[in-house]
Amino acid sequence: MARTYDWPVANGKAKIAEHPTSAVPFRFWFWGQVFDLLRANGRYFLVCLTILFSVYWFSGAIKSFAGQVTIANVTLRILADVIVKWSLTMTVSGLSIALYFKERKQHENTRERLTKRITDLELRIDSGRSSSQLTSRGRTRKGDE
């Protein structure tokens, strides 16, 4: 027989039934414990399961390729690897150099655009000012090299 308790709640009374304690069959208890452990340690279980699965398939791949690799195959792979690395290096270097020259030209254009104004202002403040003999782009004159 179930007993009921009255618990006060904000909107009235709630009745909670207390179930009589009975023996739970072993299989339900066992699987309940298993799922409780999985719930509590699920992340570690999934990580371990993933690692074991990966090792299993990786070992199968190693076994299937054992003794099947030839010298020609290895040489071609090394050559292809070198060519890919060389191409990537040249591409990155070329892009870097192109970006450098573009930035340098833009900087010189900005310097040339602003030089006239600065020169006028400097001459207005000190008319006896001597020139640095730089070009309007900020480079030295041809005879200075």
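Rank by packing, highest mean first: peptides 118-126, 103-111, with packing defined as the count of other Cβ atoms within 10 Å averaged across residues.
Listed from highest to lowest mean packing, they are 103-111, 118-126.
Dividing the convex hull volume of the Cα atoms of the stretch 26-68 by its residue count, what figure in Å³ per residue is obtained? List each step's numbers first, then the result.
Numbers: hull volume 2.6 nm³, N = 43.
Normalising the Cα hull of the stretch 26-68 by residue number yields 60 Å³.
Laboratory data are not the source of any read-out in this text; all were calculated from the coordinates shown. Every value quoted in this text rests on a predicted model; they were computed, and no experiment measured them. Methodologically, a virtual Cβ is constructed for each residue, glycine included, from the backbone with ideal geometry; neighbour enumeration extends over all protein chains shown.
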